[in-house]
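Everything on this sheet refers to the single structure shown next.
Nothing in this text is a laboratory measurement; each read-out follows from the coordinates by a stated rule. Fair warning: this is a prediction, and the values are worked out from it, not measured in the lab. Cβ coordinates were reconstructed from backbone atoms using ideal geometry, including for glycine residues, and neighbour counts include every protein chain displayed.
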Amino acid sequence: MANTDAGARKLGHPGSGRRKGRTRPRGRQVDPTSRDEVRALLGDGPRRRDLLIEYLHLIQDRYQHISAPRLAALAEEMRIPFAEAFEVATFYAHFDVIKEGETPPPPLTVRVCDSLSCALVGADDLLAALPKSLGSAVRVVRAPCMGRCHTAPAVEVGHRHIDHASVDGIRRAVAAGDLDPEAPDAVGFAAYRQDGGYRLLADCLEGRRTTEAILKGLEDSGLRGLGGAGFPTGRKWRFVLAEPAPRLMAVNADEGEPGTFKDRVYLESDPHRFLEGMLIAAWVVEAPDVYIYLRDEYPAIRHLLEHELALLHEAGLDRHARVHLRRGAGAYICGEESAMLESIEGNRGEPRHKPPYPSQVGLFGRPTLINNVETLYWVRDLIEKGPDWFTSAGRHGRKGLRSFSVSGRVRQPGVKLAPAGITARELIDEYCGGMADGHVFRGYLPGGASGGILPASKADIPLDFGTLEPHGCLIGSAAVVVLSDQDDMRMVALNLMRFFEDESCGQCTPCRVGCEKAVKLMGHGPWNGPLLRELAGAMRDASICGLGQAAPNPMLSVLDHFAEDVR
């Protein structure tokens, strides 16, 4: 080696350390124009590493793509390697990273949801017709669930959503050029306070309520996490409070499970009921900072929360906890709690190995309380009205209320607040006006894409935590998609598995390769049941997080209950 190094130095080899003859420094050079553009966008904002995704959004919003020179300029501003900025930017679907020599996309993008509820009512037809109808100046792309399953098919033109979309309606929206999100009709700060809002939070902050009283109220009510896991809320708060300070709080508003839209409805209608529950939680666990992680598919809610949080701050109601609104970037995996924490920190949204759990080592390495939107939405009512108000509801031996996101082949889809333990048949008949005209009930998804599929013959099982597992299914986020005699269960399962294939973060081989192989096996000829079950077992046993573990559920359900569709 010594002789080789000496020879290299003598010859002036580029790797020898000699600088004689070099005309510019090593590494990617930052274009001065791009540097000025990025500095103007960032302004006086801090160049903290955890803000990388927020700053990527600034570039994407301004230029409709992220060019390599601007990405290099951003990396320089934040003092991180270009490769690090590149790997984060390319992880998220909503960032269009354009490499040197590539052509940027058209200035306008139309996203067509192709998740199950939209696929049932013609999403594929829209995707086939729109490119020709809109022309080359508009990019048309497939998109995962937009949280508008009850108004399917859903399309996003720029940042404006179109419900019950048609080719003509989309063409008119493009021609009009109104690409901003439509403001929701929500209960504002003044109206919420006039109706008694924030009185409970004030009682907490001013010592008229104790931490123990709040925790006992939650425990007596039996409130469980309503994002899908179902962990008892009061117990979770106690676990975090028992950890050493400083503690943090993160809110999971990344509602990406196909078929789920309850959080969107609650945020668009009564956001302060959620915000008050959030601030009470932060007070209980003594978290000085709260991070709301909101999916990027909800731009109208982001603008709404920015406005309402400013009013709340002016009133001094967040004096015990700074609230940070963070924007997702199109990654379903970030609904997994540890992947969400990684994204808030400005990283790729890849799940962490557990233990340690986020309640012990969470956001920025601190003990972190994580709750979803709906769980916090009920805190005020549970404490003010008392546990009996909640526990008095329920059917078939279950207690409490559940918000069901119902879509598919029913007359009246939407968010249905119903007793826990209600059956799918009761939910359809009593809350949804029955089946849609011309459709006969054949099956249903009790818990969104990952919750499995059950036949109509099993529609009398109580819908709640712990009741569906013996049947190979989960209640999850209570997203009920109703299917009929006009639906091919093979194609239903294939649609769901393709979603998981697209959304796998790729970190672990069982999920990344397993989803891909499952799609190939499910898409051609009769299904090889034994081989698919063997593949499902490997995915369940070895995947790092719930995505890979639950992805086989729809496939296995079809094998178990709808075998006639896959022979």
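For the peptides 436-442, 374-380, residues were scored by their other Cβ atoms within 10 Å and the scores averaged per peptide; the highest-first order is 374-380, 436-442.
Counting every C-alpha pair in the range 491-545, the share spaced more than 16 angstrom apart comes to 36%. What's the extension gain from A242 to K354 if we count 0.36 nm per residue and subtract their Cα-Cα distance? Extra length available between A242 and K354 comes to 38.4 nm.
Each eigenvalue of the Cα gyration tensor of the range 99-182, multiplied by 5 and square-rooted, gives one semi-axis; in descending order these are 21, 14, 13 Å.
Scattering from the range 200-259 was approximated by placing one identical point on each alpha carbon and applying the Debye formula without solvent; log10 I(q)/I(0) at 0.16, 0.23, 0.29 1/Å stands at -0.67, -1.12, -1.22. Treating r as the C-beta distance of E286 and E534 and R0 as 41 Å, the FRET efficiency rounds to 0.25.
Among the lysines of the chain, pairs that are 8 or more positions apart or on different chains and have alpha carbons within less than 28 Å of each other number 22. Label positions at A137 and E384, each projected 7 Å from the Cα along the C-beta direction, are separated by 5.1 nm. Net length available on complete extension from E84 to D163 is 24.7 nm, with 0.36 nm assigned per residue and the Cα-Cα distance removed. Take the Cα of A191, go 7 Å toward its beta carbon, and the backbone nitrogen atoms of the range 257-292 under 13 Å from that spot belong to 268-273. Rg over Rh for the range 233-317 works out to 0.99, both radii taken from alpha-carbon positions and Rh defined as the Kirkwood radius. Under Stokes-Einstein, with the Kirkwood radius over Cα pairs as Rh, the value for the range 459-554 at 25 °C and 0.890 mPa s is 171 µm²/s. Can you grab the distance from the C-alpha centre of the range 192-207 to the C-alpha centre of the range 415-432, Å, no decimals? If you average the Cα positions of each part, the centres end up 33 Å apart.
For the chain, the mean residue ellipticity at 222 nm estimated from helices alone is -12000 deg cm²/dmol, where every DSSP H run of n ≥ 4 contributes -39500 (n - 2.57) and the total is divided by all residues, rounded to the nearest 500. Using every pair of distinct Cα positions in the range 400-539, the Kirkwood expression returns a hydrodynamic radius of 15.9 angstrom.
Relative contact order of the chain, taken over Cα pairs closer than 8 Å and 6 or more residues apart, is 12 percent.
Using only side-chain charges placed at the Cβ, +1 for Lys and Arg and -1 for Asp and Glu, the dipole size of the chain relative to its Cα centre rounds to 1980 debye. Global dimensions of the range 282-356 from alpha-carbon coordinates: Rg and Dmax equal 13.9, 41 Å. The listed peptides 331-338, 168-175, ordered by packing as a protection proxy, come out as 331-338, 168-175 (highest mean of other Cβ atoms within 10 Å first). A crude spin-label estimate for the pair R235 and R49, with each label 7 Å from Cα along the Cβ direction, gives 3.5 nm. Packing order of peptides 361-373, 253-265, 504-516, highest average first: 253-265, 361-373, 504-516 (average count of other Cβ atoms within 10 Å over each peptide's residues). Think of each Lys and Arg Cβ as +1 and each Asp and Glu Cβ as -1; about the Cα centre, that makes the dipole of the range 121-254 roughly 340 debye. For Q29 and L108, the FRET efficiency from 1/(1 + (r/R0)^6), where r spans their Cβ atoms and R0 equals 22 Å, is about 0.10.
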